[in-house]
Each structure stands twice: as structure tokens, then as C-alpha cells.
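Notes follow the structure.
The values are calculated or read from the model by the stated rules, or taken from the named source; none is laboratory data. Keep in mind that what you see is a predicted model, and the values were worked out from it rather than measured. Using ideal geometry, Cβ is built from the backbone for each residue, glycine included, and neighbour counts are taken over all protein chains shown.
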Protein chains: 4
Amino acid sequence: MAKSIRIGMIGYKFMGKAHSNAYRTLPMFFPGTAKPVMKAICGRDPQGLETAAAQFGWESAETDWRKLVERDDIDLIDINAPSNAHKEIAIAAAKAGKHLFCEKPLALTLADSREMLAAAEEAGVTHMVGFNYRFAPAVLLAKKLVEEGRLGKIHHFRAWFLQDWIVDPNFPLVWRLDKEVAGSGSHGDLGAHLIDLAHFLVGDMEEVIGMSETFVKERPIADSMSGLSAKGSEDAPKGPVTVDDATLFLARFANGALGSFEATRFAPGHRCTNSFEINGSLGSVKFDFERMNELQVYFTSDDADVQGFRRVLATDGAHAYADAWWPAGHTIGYEHTFIHEMVELLDAMENDRQPSPNFHDGVKCQAVLEAVDKSIDDRRWVRIDEM
Amino acid sequence: MAKSIRIGMIGYKFMGKAHSNAYRTLPMFFPGTAKPVMKAICGRDPQGLETAAAQFGWESAETDWRKLVERDDIDLIDINAPSNAHKEIAIAAAKAGKHLFCEKPLALTLADSREMLAAAEEAGVTHMVGFNYRFAPAVLLAKKLVEEGRLGKIHHFRAWFLQDWIVDPNFPLVWRLDKEVAGSGSHGDLGAHLIDLAHFLVGDMEEVIGMSETFVKERPIADSMSGLSAKGSEDAPKGPVTVDDATLFLARFANGALGSFEATRFAPGHRCTNSFEINGSLGSVKFDFERMNELQVYFTSDDADVQGFRRVLATDGAHAYADAWWPAGHTIGYEHTFIHEMVELLDAMENDRQPSPNFHDGVKCQAVLEAVDKSIDDRRWVRIDEM
Amino acid sequence: MAKSIRIGMIGYKFMGKAHSNAYRTLPMFFPGTAKPVMKAICGRDPQGLETAAAQFGWESAETDWRKLVERDDIDLIDINAPSNAHKEIAIAAAKAGKHLFCEKPLALTLADSREMLAAAEEAGVTHMVGFNYRFAPAVLLAKKLVEEGRLGKIHHFRAWFLQDWIVDPNFPLVWRLDKEVAGSGSHGDLGAHLIDLAHFLVGDMEEVIGMSETFVKERPIADSMSGLSAKGSEDAPKGPVTVDDATLFLARFANGALGSFEATRFAPGHRCTNSFEINGSLGSVKFDFERMNELQVYFTSDDADVQGFRRVLATDGAHAYADAWWPAGHTIGYEHTFIHEMVELLDAMENDRQPSPNFHDGVKCQAVLEAVDKSIDDRRWVRIDEM
Amino acid sequence: MAKSIRIGMIGYKFMGKAHSNAYRTLPMFFPGTAKPVMKAICGRDPQGLETAAAQFGWESAETDWRKLVERDDIDLIDINAPSNAHKEIAIAAAKAGKHLFCEKPLALTLADSREMLAAAEEAGVTHMVGFNYRFAPAVLLAKKLVEEGRLGKIHHFRAWFLQDWIVDPNFPLVWRLDKEVAGSGSHGDLGAHLIDLAHFLVGDMEEVIGMSETFVKERPIADSMSGLSAKGSEDAPKGPVTVDDATLFLARFANGALGSFEATRFAPGHRCTNSFEINGSLGSVKFDFERMNELQVYFTSDDADVQGFRRVLATDGAHAYADAWWPAGHTIGYEHTFIHEMVELLDAMENDRQPSPNFHDGVKCQAVLEAVDKSIDDRRWVRIDEM
């Protein structure tokens, strides 16, 4: 029988909701996996916290994360607090012997993320970082095709994560636009996912050069925020936007492939276009998260008269995690990437192995993020191993 | 505070899983709705039942549905047993004063479905039928556009539900291919959904004429079945397929629109293409369930140089139910149609109104199904009011 | 060296322009084919005719088609006059020993079309009918896949030809809406193409049943018409629309396949959606003329993890006629279907064989058109061999 | 009445065919435009030339371009010889008072292209450069939307031109892979088109930084080449590939927009994906040449519940050049871009204005191409005004 893992989670907004739902749902669809026990949820606002605890189904609540990480009845700390709090919590939790799940980006700086990894390794605990997009079955199909050599030698990886939620200059100044809290803008928020997918699907990068812009430099201060929407008044006093609205970069991979990356929140019509394409010597794949159940796949070896991108619907038993869900053609959604992620986490803990992606991947991502930042500051190519 | 509704559910396979998931998940995302309490699950096989009860999270289990419908601690009976058991259960449950949710098709015959409706009305209970596709936000957008007159007068409704899971002649003879149990094949299974969408979106039909075929008339007898997949051996003894593989029909609506319907399990490449298009005097909409978050929308009033079908992603606050989920562009999946369906059910019960769709809709659908069957037998147009 | 064929063409509007362009362009791209010599163009309005002759590049002009068909310097009569004139011209031309190309529909009635075929056969001349959509390379790929058995046994053919040019009730009453001249509306204009594609791709039909509607029964009388656009005033006196706005029908093919057909001019957003899908036991194909360079192709035999419709771009040397044009990926357009059609015509004449499609195909199409009409009048299934 | 322009054309392969077809076809569909007279075609191989002259319809042929540019009966010299011959011919022709059309890239170097422009300006002749993709009606719609401010302030331009014709390492070493003749590889061939589209649609660039690669460094020497296909033997001796297989770069535009460009011949499944997207403050557009009749258009001002990219089919009278062709929905192809291009050329000559794009645009494109090359060599950002 599968064992139980007792969870303490810090943060209860967008990611907290996604994680809670994953823990609630997982035991029903993946009964063979270790069972997550929703022990305690932690946040600073007692009222919001209590509501969330009741609504999401947590057994208890803590307003002080330090107490949470000391509790004896917790095995795993799930950190989805704002990015600037990740480091301190993760290190304290590791020292307390807790296993760790941390949302991306792992930390605000590469140095911080390395400290976190070191702390986790020293403590000998499990550590995972929340690159959830890896867990879409269509993305896992891309991974499989690359790994099995069915795309041949990889020549190109191009990826863009396009959103449009702040294109209106009167959209208020929310925490995601504040460098102190968020670390960076589209680069760390969206670009981080692309970088992780590049690492996952193609491998390490050698050098990068980037370009960045903040199109709207001041915005009305926000009243409140929830997910990616916010309330505010156009007449509110304005404050400075301190993060990038868009960041692009070019990369050269260790295996010789060329990479192109773009992250922006200024692409009208794109709600959540997390998209990549891989071109290899034997074939290509294309993915767009807005149609996350699909992977476009092309093989050069197809008969000459029927060559074309195949729209593969990754919803049947031939695809990762799909057997747990519905019959072929019955699609899943965004939240399922978190459920699969937690399956990987719990399975790794049960089997005493590190999950993938773990803090090593978080550090690697951070190194590229910072190399890109440095390349922008210095206006030159920056090698990842400089970092 | 929202009240609680205590549920007893009969059936624990494909639909049982979908409903259970809906009841589990609903309170977290729709905290303002009456809370479903998963009291008891019912099935004939004690071992399978016990496993399902534990896995899905039901408080208790019953192997005799008669016991279940008599239990005092149950408010609502959710019937997702095989179609041939619907009638007896529903009528008994109504007599016991239980509220009713019944999967589609409501019954094997129009007469049976009418009896069920009569029993429910006589008992004065809530009754709902499981046409879950109505609850995709993109479908609800189509409904809204029609109702608000934004498509003008409706001229055309064309719909097809295409699957491919039995195109292999060695796919085994499962219960869905047995008329005794399933009532009909693609017609009642898939066509029923199209008919309900037509009623929902366009209105009543006046007359129909159909055509039907069983392409593979004998199949190896199945060992086991789960969802739409099955296990069996090609060498197994064969048995007759007693339902239709495909049924098509034409319809004339009361409002003058022309309808075209096709349901088949013999369309390779279509895993679950539940698709419709509406053409009105002012615009058109197109839907395909394999991309269920999207509705294609066209307006004749758009500026002449930018007319074209718009790909609307029904994932933000402008769309029904979407606010409860994730930020714009973060899609939902098949299972969410059931969650929304149960929100409608529980909300209706809490507010003492009949939900939509209810047994009236189930009866109406059954009337068309049978009119089509009659039109096939008699090789002539059949008026719905003949039935 | 390729021989020359001297052409006399009757009609100089939409089709006359398409044919003229084909004759002008063909020798450059198909230098191995017999060379069309544009001898004479014929029409009733001397001024319009003269302009057309000069603009299109015809050597001479005739205002009386009877003169044209008697001219010694003409080998082939190309008839694209209004449908009600086809029969008389074709029979006279055949009697004069001229080879024949006739636009579809071949005639206003089945009886007329049979007379035309008989006249052509008696005269021993070449005869072709203008079902140009057969000649899209993507359609020819569908044909090839069917013929080579790569789709297996055909179970389904569904086709729809959707346009929207008369959805505005103030669009004027043009000749295409006048039964005397046009014979029928969307049925003969659009449906005829679908029927021919069905014959070409699937084979003969056994029986049909249809439904038809004229949504807008009166329209302002038109001032002028060109192609599918027209000028008129909303205040003009109104006249009756005497043809169908939309016609749908179901069909059973001789080989057991089921067919569904819909032709309408009331589908907003569809400028020229001439679309079909074929489902066989081993695969499927989908075509949409608005993306005429593409065929969607699916094979059940693809590896389980990469099954999906392939978007084949039929623009390279693996595809019919494509070698004559541009490099792979450089698309062709509507007018190229006529060029390919004329290649078939001229090649057939040069090699003393009947082209395909010829008057036999025109008669077969007419038989189905009329069977559908009869099925609508009699409200019953009509066998094609009744006709 | 429209005047006549007498043309002498140098080169008769891929581009020579496209231009000839344009000159042949133009008078029929654009009778109001000056009439091109196909006076003389010029090439080095007498036999190939004679065949081309006859097949394409040129009145005479010359094997020495110096003779051609001196002929009194020629008004315009159309240069589509290999890129390394452009400069000498253009300057000689200008000196002889001939008007000039030159295929892109204008020359092998920026210096050369400036000399060509100077020569043309000194001679006071008309000059045009062959950026044909501007002339797709869907691209012209993008231009119109930008110019009319309907997309607002432009923030992003991303473009990629993806082909796959040399991904096979045994594809032979053709002239396009030889730096001496072609100047560059995908950068000058494909990237040049993207750069011109960027100039046309967004405006001037300020600085760029690029990256380039030759994935396959040696190939078997080719026997023959035609268009983008070639014949050769895998056993043939190998020679070095001296041009880039792929070039990517980032750009900052003068108006503050960020640009991303990628040109490659190593993208399996992409036959001719010449694609761009523009994101402005009020909307977005997307184009893919493989579906050249379509533009995807998004407006932030659309009603909240029906926002989405519109698939606009630029085939009706609301679109540039479309009235000359077929009814709405009847598409055009690659070759039509050249016909429209020649309409612009001839109209400009008739009306004594410079056409657009002209040699200024060719020079501007060359400056960016070279700035990118320099940025690759120097591994740094290069300002366009350095060049």
C-alpha cells in the first residue's frame, strides 16, 4: 500500500490553489502513488488563510512559516510564497529535515538558488522545483521523441511565451511588476519556463545574448490582485514598473543547436501562448500551451506524398499519464500539469530518488536567467559558465 | 452558508469516476454552491465497489440500489448505471422522495423516459439529465450569442460526433455494442449529445429522416472493458453487434432552420470530435470538443477588411464558470463539464428550481432519437409530434 | 512537337475569364501538352465581348454562337454560357463535329444532359465537363490514396460547400437566383461539385433523400452582376427567388459507404468552403478549398504515440501537376484548377481518349441532382436508377 | 489607353519564370495598367535560352547582357541573374538609360548596392527591387492596419522564414550554397525578405545582434539545379558549403519595438514558412506564407466575450488587388505576388514616380544584412548607422 506524505504548504493564492487541487485530486486518479496528506497551510493574512484552508481542504493553518517548518507532523514543505521569500524558507525547512517543493523561479538570484541547493543537499532531503509545463503529456511526447532519437540531431529550438494581461497601460501596478518581490518580470516569470523546457528537451546552453524592454514605465497602484487579474483605478497614484515587460535572447546550446527565446506580456490575443518548436535532422515538433493536449509532429522519413505535420492528441494510453484520466480525445487542462508534477514528487519521495526537475534544474535555469540579464547589462554574449 | 446535499451514486465506471471527481472538486472552486456530500456509492461487484469507494472518496458503499434509494441520509440519487437500468432506479428513487440526476440517454425508449419524467414530477423532486457538453464555457458562449440575437435568425445547424475506437474489426464486443444493455450505438451514445445541443442552441425539431449502418456485424467477445478501451483476443468466439456503428439524419427545426447530424465510431483520426456549427443571418459559430476551450465566432457586421472567424478562448472572466478556474489562457478539460453540470444541479436544488437540462430535455432527446429510428425503419420523414 | 487545338469559347464572364486564363497560361507551364489556340470568343453583347476579346487575348469574336460552331478554324467549343443554353449549343457543336468542353452543370435536366451525351457520342467527338475541383493537387492526392487502398474500405463521405454571398436579404436578385436561367440554386451550383467529388472519390450512389429551403423568398432586382458580386438598390422593386438557398441530402453509396451533403449560400464566414472528409477502415482525409493546397491525412497504421492528421502541403514533386509550378511550399490558387483541367482536356484530345470528367460524369451528376430534387418533392428516398 | 513598356529580362530560371508569368498574365487582369511587352530574354546558355524564350513567350533572345542593355527597343531591364552579377548589369543598364527592376538581394555587399542606387539616381531612371512578399494581399492588409493606427503603437515584430530543402546532408552543393555566387545563404535568401517586411511594416532598425551556423559543412557536388531542387549523387566528390544554413538575430527598431528574426533551411516540415507577427498596443496580426491568403487579426477593442484572432481571408474587394481576381474565397498563389509587384512597377513608370520597394529599400535591407554579419563576426551589437 502506498505510504502517506504529510504536507505543509506556504502560500495560498494562484499557485497555492493549483497545488491544493493537485493534492486533493491525485489520490483518486493515481491511487498507486504515495498519498498526500494536506496537513497545514500557511500565510500571513489570518482571514484569507482560514478561508483558503477550509475551501481547499487543509487540516490546519499557520500564520508563521517558521512554526510550520518546525512541526513534527510535516514531511514536505511546499513553497509557493512570493519569490523573494523562497530562499529563507527553503533553507530553514531543509535544516529542519523537511523535504522541499519550491515554485519557480527558485530564487531571486543565482547565488541564492545555489545556497538553497546546497542546503537541500546537505540536509539530504528531496527537492523539487515547479516547472509544471514539463508535465503536459504533449511535452513529454516531445521529450520522448528527442530521447529516442526520432528527431535526429537537434538544430533549432525556438520558444516564446506570449501573454497580454498588462498591455493596457492602465492595468495596475501589481506585485508581479515589482522587482523587489518578483525578482524580474516576463523574463523570470515566463522566460524561466522556456529555459527549463530548453534544458529538458535540448540540453545545456553555452552562451546567450539578450534584449529587454519595459514599454509602460509607470502604472496606477493596484488595490488588489488575484491570479493574473487585478483591480485598481486609473486615477490612482502611479508608481514605477521595475521589471521587464519583455525579454528576448539568442542562445547557443552545447550540442550545437541554435536557440531563440522570447517572453512578453505585451502580445494582444495571446492569453497564454507558451510555445516551442524543435527542428532536428529527422523531424520537428511544435507545441502551444493554449492547445496543450496537442503536439505537432513531423518526420522526414514519411512517404513523400503524405509528409506533413501530424496533430497528435496526447490523450490516450500511448501517452504519459493519460491512462489515469479519460478515454482518448477527452482532454485535460492546465491544472493537470500540477497533478502530474506532484505524482513525480511523491513517487520520488516514496522511492528515495530525486524528482525531476529538482533544485539542480532550478539553479541551471537561474544561471541562464542571470546570464541573459548580464548580457543585457554588458551588451555582449555571456557564457553560462561565467556565472 | 451553503447547505449540504447528500448524494448516493449508482455506477462507478467511466461516468461514476467523472461524477465523483466533480463532487470532490466542486467545493474548492465553487464555495458558494451547496456542498455535495459523498454519502454512498452503489454497484454490483463488491470488490470493485470497495476499491472505487476508497479511491473516489465515498463514505459508504451499497451493493443493492434498492437499499440505497431507501436510505434516510441520502438527498440525491445519481444514476450512471447502464442505460437499461435507468428507468427502474429513477422511478423507485422518485417514489422514495429522492432528487434525481440521471446520465444520458435517459432511458432505452421514449415511453420509459416519459414514465421517468412523470414519476419525478409526481414526486415533486428535482430532476436533471447528464448532457454535460452544454457546460463547456465555449458552448455556453454559443448559447449566449444565439439568445442575445447576435447571430440573427438561425438558418443552419450542422453537427457531427466522430470517434474511431471501434474501427478495427477485431475490437471486442463490449457492452456498448449490445442493444439490450446500451439501447443503441453511436446514435444514443453520441447522437444524443448532438440532439441535446441542437435543442439547447436552436430549439425544437419538427421532422427528421435518418440512415444508419453497422459496418462490422460480428466481433470477438470481450474479456473486459474500461472507459472506451477493452481487452480481448482476436481468436475469441464472435458475437453479433446489435447496435448501429453510425447514424446520420436530417432535421427541420420549428424555427425554419435546417439541421444535419452525424454520429459515428468509424472516423479514423477523430478521437472525440463532438462538433457543431450554427449559421445565422448575422453570424456563425463553430465548436469542436477536441479543442473545447475554443469557439470560432464570425459576425457579418465586422468591418469589411477584417471579417473572419475569431478564435475565442473561453477561459477568462467574460465566460461562464471561467472565473472559478485559472487565469486567462489556462485551459480546462473534459472533466470540468461535469463539475459545471453539478454546480447547476446543486444550485438548482438549493434554490428550489429545476436545473437545466432536466428530464423534460431527456424526454425531448429521446423523442428525436426514436423518431430517427422510426424514420430509418419506415424509410420516410417522421414528425417529432408523431412520437 | 505538341499539336495545336483551336478553341472557340462561348461566354466571357466569370468562367470565361477562368478558362481564358487557363488557355493563356498553359503553354508556358505545360509545354509538352497540345497548345490551345484562342481563336474566337462568343457573347451576345458586342461591346462587352470586344473588351473581353482584347483583354483575354482571343483572336476574333462572334456574337452568334451558331456561327461559331460552324467555323472551320475551330476544333473545340468551350461552353460557359448560362446553364439554360448548354444543351442547344452542345448538340449543335457536336453535329458540326466540334469537340466539346461544357461547364457544369451539364444541363438543366437529366434528360437534356443525356441528349447532350448521346449527341457527343454519335458525333464521335471529345467531351469534357467542367468539374474543376477534381484538379486541385490535394484532391488528386485524396483520389490516389483511395485508389491505392491506403484508406481501406470507405465507410463515410461527408461534404459541404458553404458560401455566404447572399445572406444579406438585400443582396439583389441576380441570374443565379433565377430557376429559368440557372436551373437550380446552391444545389446545382455548389452541390453539383460535391456530387462529382463523391463520384470521383467514392463511387456511385444508390439512393438519396434530401431537404431544401429558400430562406429569402424575394429580393430587389439587380442592376448588374459580376462573378458572385452584384450591384443593386435596396429600393429596387422586388422579384421572387426561384431557386434553393440551401439543399442537404443523405446518400447511400453502392459500396456501402454513407454520404452526407450540404450546399448553402447562407453560411456567414464561409466564402468558399468546398470541403469533404472521407473515413475508411485504414485512414481518413479532409479537404477544404479555402486551403486548397492542403490535404489532412490520417493513417490508423501510424505508431501509436504519433497518430494524428497530417497537414500535407501538395506543392512538391510528389504531387500531381505540382512539378510544373513552383518549389515546394509555394502555393497555387483557384485558377490553377482550370489550368490542370485544360491540360487533361488537351492531352485527351491529342491522345484520342476521352478526358475525365466527361459527359458521362456530367450525366451521372445530373441524375443525382434530380434524384435529390425528386426526393424532396416526394418526401421519400429515391434510387438513382429510378431516374 | 495604357502605354506599353518594353522589357528585357536577364535570367530565365526560377525567378525568370515567375517574372515572365507575371508579364504574360498582367494585361488580362489589370487592363488599366501599362502593358508589358516581352521584348527580349537574356541568358548564357543558348539552348536553354531559346527554349525559355519560346516557352515563356519572349519576342527575342540575347546571350550577352551587354547587348541587351544597349538595345533601343528596351525600356526596362529586369535583372534576375545570380546575385553576383546584379551590380555590373544594373549600373550598365542605368547608364544606358534603362529603367531597372532587380531581384533581391540587390547586391552582394552594401557598398555595391549603394553604387547601384547612385547609378540609378544619377541616370534618373525608375528602380525597383524584388521583395515580392509585400504584395500578398494579406501582407498589404497588415500594412494598412499598421498605417491606420489600428494596431496602436508597435511593441513586437517577430519573423521567421523556415524551409527544409537542404536538411538532408546528401542534398548536393548547389549555387545557392556557394558564397561567391549567392553572397550568403539563408540570411540573404530568406532573411532578406523578413528584413524588408520589417522595414515595410514597422520601420527602421537601430541596432542588431546575430548568430549563424552552417550545420552541414560539406556536400556532394551537384549535377544540376532547378528552383530549389537539385540532382546529384551521394558518391559525388564533396565540396565545402560556404554560406550559412541558418541565421538568427535580435533587433531594436527606431520606434522602440523589439524584433526577432530567424532564417533557416533546416526546419523539417516547413516548406516555405515565411511568417511574421506584429504586436501593438491595440492589436496583433499574424501571417504565414504557406497560407498566404490569410491574415490573423486581433483587436483589444473587441467585446470582451468575443475576443480572438480573426482568420481574415484577403480574397474579396475589401483587399488590395483582390478585385482583379476571383470571387471571395477563391484563393490566389505564390505567383500572384509577382503579378502585383509588376503592376506596381508598371504603374510607377507610367506615372513617373518611384515604385515601392525600390533601390533605397534594397540598400536598407543590405545594410541590415551586413550589420548582422558584422555583429556575428565581432560578437557585439552593431548599429545600422555604423554601416
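Checking D:Pro105 against (1) at pLDDT below 95; (2) surrounded by 22 or more Cβ atoms within 10 Å (Cβ to Cβ); (3) outside any loop (DSSP other than H, G, I, E, B): exactly one of these is not met. Which one?
Result: D:Pro105 passes all but (3).
Please verify whether the range A:352-364 includes one or more residues that are of a type outside the set (Gly, Ala, Ser), more than 29 Å from A:Pro31 (Cα to Cα), within 23 Å of the chain's Cα centre (by Cα) and buried (at least 20 other Cβ atoms within 10 Å of the Cβ).
yes
Out of the residues in the range C:375-386 that are outside any strand (DSSP E or B) and surrounded by fewer than 17 Cβ atoms within 10 Å (Cβ to Cβ), state the one that is farthest from the other protein chains (Cβ to nearest Cβ). Before you say what the answer is, go through the steps one by one.
From the range C:375-386, those outside any strand (DSSP E or B) are C:375-379, C:381, C:384-386; that's our starting set.
If we keep only those that are surrounded by fewer than 17 Cβ atoms within 10 Å (Cβ to Cβ) as well, we get C:377-379, C:385-386.
Details: C:Asp377: 13, C:Asp378: 10, C:Arg379: 5, C:Asp385: 16, C:Glu386: 14 Å.
Ranking the qualifying residues of the range C:375-386, first place goes to C:Asp385.
So A:Ser184 passes all but one of these: (1) within 27 Å of D:Lys153 (Cα to Cα); (2) not in a loop (DSSP other than H, G, I, E, B). Which condition number does it fail?
Evaluating A:Ser184 over (1) within 27 Å of D:Lys153 (Cα to Cα); (2) not in a loop (DSSP other than H, G, I, E, B) leaves (2) as the failure.
Quick one: how many residues across the range A:210-225 are in a strand (DSSP E or B), within 22 Å of A:Phe171 (Cα to Cα) and within 12 Å of another protein chain (Cβ to nearest Cβ)? Give the steps one after another, and end with the answer.
Just the residues of the range A:210-225 that are in a strand (DSSP E or B), to begin with: A:210-213, A:218-225.
Keeping just the survivors that are within 22 Å of A:Phe171 (Cα to Cα) gives A:212-213, A:218-225.
Filter again for within 12 Å of another protein chain (Cβ to nearest Cβ), leaving A:212-213, A:225.
Residues that pass the stated criteria total 3.
State all residues of the range B:329-359 that are within 13 Å of another protein chain (Cβ to nearest Cβ) and within 15 Å of B:Asp78 (Cα to Cα); if no residue qualifies, say none.
Correct list: B:Phe338, B:Ile339.
Between a residue in the range A:307-320 that is under 17 Å from B:Asp164 (Cα atoms) and in contact (Cβ under 8 Å) with a residue 24 or more places away in the chain and any residue that is among the hydroxyl-bearing types (Ser, Thr, Tyr) and crowded, with 23+ Cβ neighbours inside 10 Å, which pairs come within a Cβ distance under 7 Å, given they are 6 or more apart or on different chains?
A:Thr315/A:Thr331
Spot the failing condition for A:Asn21; the list is (1) more than 16 Å from A:Phe338 (Cα to Cα); (2) within 22 Å of the chain's Cα centre (by Cα), and only one is missed.
Condition not satisfied by A:Asn21: (1).
Just to be sure before I move on: is A:Ala138 out of contact with any Pro (no Cβ under 6 Å at 6 or more places or on another chain) and within 22 Å of A:Ala267 (Cβ to Cβ) in the structure I sent? Before you say what the answer is, go through the steps one by one.
Working: out of contact with any Pro (no Cβ under 6 Å at 6 or more places or on another chain): yes; within 22 Å of A:Ala267 (Cβ to Cβ): yes.
Taking the combined requirement at face value, the residue satisfies it.
Please go through the range A:261-272 and give me each residue that is of a type outside the set (Gly, Ala, Ser), facing another protein chain (nearest Cβ under 7 Å) and more than 20 Å from D:Leu250 (Cα to Cα), ordered by number. Full working, then the answer.
Step one: of the range A:261-272, the residues of a type outside the set (Gly, Ala, Ser) are A:261-262, A:264-266, A:268, A:270-272.
Okay, now just the ones that are also facing another protein chain (nearest Cβ under 7 Å), so A:262, A:264, A:266, A:268, A:271-272.
A:Pro268, A:Arg271, A:Cys272 - these are the residues of the range A:261-272 that are of a type outside the set (Gly, Ala, Ser), facing another protein chain (nearest Cβ under 7 Å) and more than 20 Å from D:Leu250 (Cα to Cα).
Say we look at the range A:319-328 and pick out the residues that are assigned to a loop (DSSP other than H, G, I, E, B) and surrounded by 19 or more Cβ atoms within 10 Å (Cβ to Cβ); which of these is farthest from the other protein chains (Cβ to nearest Cβ)?
Restricting attention to the range A:319-328, the residues satisfying the condition of being assigned to a loop (DSSP other than H, G, I, E, B) are A:319-321, A:325-328.
The next check asks that each one be surrounded by 19 or more Cβ atoms within 10 Å (Cβ to Cβ); those that pass are A:319, A:321, A:325-328.
Values: A:His319: 7, A:Tyr321: 12, A:Trp325: 8, A:Trp326: 5, A:Pro327: 4, A:Ala328: 4 Å.
Restricting to residues being assigned to a loop (DSSP other than H, G, I, E, B) and surrounded by 19 or more Cβ atoms within 10 Å (Cβ to Cβ), the top hit is A:Tyr321.
From the set of residues in the range B:329-348 that are surrounded by fewer than 24 Cβ atoms within 10 Å (Cβ to Cβ) and in a loop (DSSP other than H, G, I, E, B), which is nearest to the chain's Cα centre (by Cα)?
B:Gly333
If you take the residues of the range D:294-318 that are more than 7 Å from every other protein chain (Cβ to nearest Cβ) and in a strand (DSSP E or B), which of them is surrounded by the most Cβ atoms within 10 Å (Cβ to Cβ)?
The selected residue is D:Leu295.
Hey, can you tell me all the residues within the range A:149-205 that are surrounded by fewer than 24 Cβ atoms within 10 Å (Cβ to Cβ), at pLDDT 95 or above and among the basic types (Lys, Arg)?
Once the filter is applied, which keeps residues that are surrounded by fewer than 24 Cβ atoms within 10 Å (Cβ to Cβ), at pLDDT 95 or above and among the basic types (Lys, Arg), the range A:149-205 yields A:Arg150, A:Lys153.
Rundown of residues vs (1) among the acidic types (Asp, Glu); (2) within 11 Å of chain A (Cβ to nearest Cβ), yes/no style:
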{"site": "D:Arg158", "(1), (2)": "no, yes"}
{"site": "D:Val167", "(1), (2)": "no, yes"}
{"site": "D:Pro172", "(1), (2)": "no, no"}
{"site": "D:Arg176", "(1), (2)": "no, no"}
{"site": "D:Val181", "(1), (2)": "no, no"}
{"site": "D:Gly185", "(1), (2)": "no, no"}
{"site": "D:His193", "(1), (2)": "no, no"}
{"site": "D:Asp196", "(1), (2)": "yes, no"}
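What number goes with the only condition from (1) more than 9 Å from every other protein chain (Cβ to nearest Cβ); (2) among the small types (Gly, Ala, Ser); (3) more than 21 Å from the chain's Cα centre (by Cα) that A:Ser275 does not pass?
Evaluating A:Ser275 over (1) more than 9 Å from every other protein chain (Cβ to nearest Cβ); (2) among the small types (Gly, Ala, Ser); (3) more than 21 Å from the chain's Cα centre (by Cα) leaves (3) as the failure.
Restrict the check to the range C:132-146 and report whether at least one residue is part of a helix (DSSP H, G or I) and more than 24 Å from C:Asn274 (Cα to Cα). Working first, answer last.
Of the range C:132-146, the ones part of a helix (DSSP H, G or I) are C:132-135, C:137-146.
Checking which are more than 24 Å from C:Asn274 (Cα to Cα) leaves us with none.
Checking the range C:132-146: not a single residue is part of a helix (DSSP H, G or I) and more than 24 Å from C:Asn274 (Cα to Cα).
Looking at the structure I just gave you, is B:Leu49 more than 29 Å from A:Gly16 (Cα to Cα), of a type in the set (A, V, I, L, M) and touching a strand residue (DSSP E or B) at 6+ places or on another chain (Cβ under 7 Å)?
Details: more than 29 Å from A:Gly16 (Cα to Cα): yes; of a type in the set (A, V, I, L, M): yes; touching a strand residue (DSSP E or B) at 6+ places or on another chain (Cβ under 7 Å): yes.
Against the criterion (more than 29 Å from A:Gly16 (Cα to Cα), of a type in the set (A, V, I, L, M) and touching a strand residue (DSSP E or B) at 6+ places or on another chain (Cβ under 7 Å)), B:Leu49 qualifies.
Out of curiosity, is A:Ala182 in contact with a Ser or Thr (Cβ under 8 Å, 6 or more places away or on another chain) and within 17 Å of A:Pro82 (Cα to Cα)? If you could, list the steps in order and put the result at the bottom.
Numbers: in contact with a Ser or Thr (Cβ under 8 Å, 6 or more places away or on another chain): yes; within 17 Å of A:Pro82 (Cα to Cα): yes.
So A:Ala182 passes the test.
For the range A:226-252, how many residues meet the condition of being in a strand (DSSP E or B), surrounded by fewer than 18 Cβ atoms within 10 Å (Cβ to Cβ) and either charged (D, E, K, R) or within 14 Å of chain B (Cβ to nearest Cβ) (or both)?
The number of residues fulfilling the criteria is 4.
So that you can scan it fast, the table gives a plain yes or no per residue for (1) at pLDDT 95 or above; (2) within 19 Å of D:Val129 (Cβ to Cβ); (3) surrounded by fewer than 16 Cβ atoms within 10 Å (Cβ to Cβ); (4) not aliphatic (A, V, I, L, M):
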position	(1), (2), (3), (4)
D:Phe14	no, yes, no, yes
D:Val37	yes, no, no, no
D:Asp45	no, no, yes, yes
D:Gly48	no, no, yes, yes
D:Glu59	yes, no, yes, yes
D:Asp64	yes, no, yes, yes
D:Asp78	yes, yes, no, yes
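A:Glu370: within 22 Å of A:Val139 (Cα to Cα), part of a helix (DSSP H, G or I) and not polar (S, T, N, Q), yes or no? Before the answer, list the steps.
Details: within 22 Å of A:Val139 (Cα to Cα): no; part of a helix (DSSP H, G or I): yes; not polar (S, T, N, Q): yes.
No: the conditions fail for A:Glu370.
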